[in-house]
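Peer 1: Take this structure, written in structure tokens, and hold onto it; I'll ask about it next.
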Amino acid sequence: MSYRVTAPHAATTPRIIRDWLALLLATLGHAEIADRARLCASEAVTNAYQHTRTDRITVEVTIGPTVVTVSVNDDSPGWIPHAGPEPSARDERGRGLALIRAHAIDLRVVPHPTGKAVQFTLPYGETP
């Protein structure tokens, strides 16, 4: 099963997406990963919002038998997210990809002709 939502480049979009994703997972019987999915999606959508000038952010969720894969797409090919140096304890930024990696069994950036997707996969059940 796959679901998709497209939202504008707006400050409210990360919250809307994370709440939508949690509701989707709970409705489909996967509430045990809703918090991890919310955190990871929030980080990926916030990156798209803060670091690109994309007009829209599209999130695709694929529900598999043992995993859920979330793809956060934007139409801004210029900025590719990457893990930077370890942030200091006082830094409020720079931890997004590390947080996703801590919870996901797979994280990748997939460039495409009109932009890119940050894609992560979470297993059902316990944190990897």
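The values are calculated or read from the model by the stated rules, or taken from the named source; none is laboratory data. Please read these numbers as outputs of a predicted model, since none were measured by experiment. Here the Cβ positions follow ideal geometry from the backbone for every residue, glycine too, while neighbour counts run over all protein chains shown.
Peer 1: Looking only at residues in region 96-109 that are assigned to a helix (DSSP H, G or I), in contact with a strand residue (DSSP E or B) (Cβ under 8 Å, 6 or more places away or on another chain) and modelled with pLDDT of 80 or more, which one is farthest from R38 (Cα to Cα)?
Peer 2: Here the residue is R101.
Peer 1: Right, here's the next one. Among (1) under 20 Å from R101 (Cα atoms); (2) crowded, with 19+ Cβ neighbours inside 10 Å; (3) touching a residue at least 40 places away in the same chain (Cβ under 8 Å), which single condition is T52 missing?
Peer 2: (1) is the only condition that T52 fails.
Peer 1: Considering region 110-120 alone, what residues qualify as being surrounded by fewer than 14 Cβ atoms within 10 Å (Cβ to Cβ) and either of a type in the set (A, V, I, L, M, F, W, C) or at pLDDT 85 or above (or both)?
Peer 2: Within region 110-120, V110, P111 qualify.
For (1) farther than 18 Å from L122 by Cβ; (2) at pLDDT below 85; (3) touching a Pro at 6+ places or on another chain (Cβ under 9 Å), each residue gets a yes or a no:
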position	(1), (2), (3)
E43	no, no, yes
T46	no, no, yes
H51	yes, yes, yes
D75	yes, yes, no
G78	yes, yes, no
P85	yes, yes, no
G94	yes, yes, yes
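Peer 1: Only residues that are in contact (Cβ under 8 Å) with a residue 24 or more places away in the chain and aliphatic (A, V, I, L, M): list them for region 29-43, please.
Peer 2: The answer is I33, A37, L39, A41.
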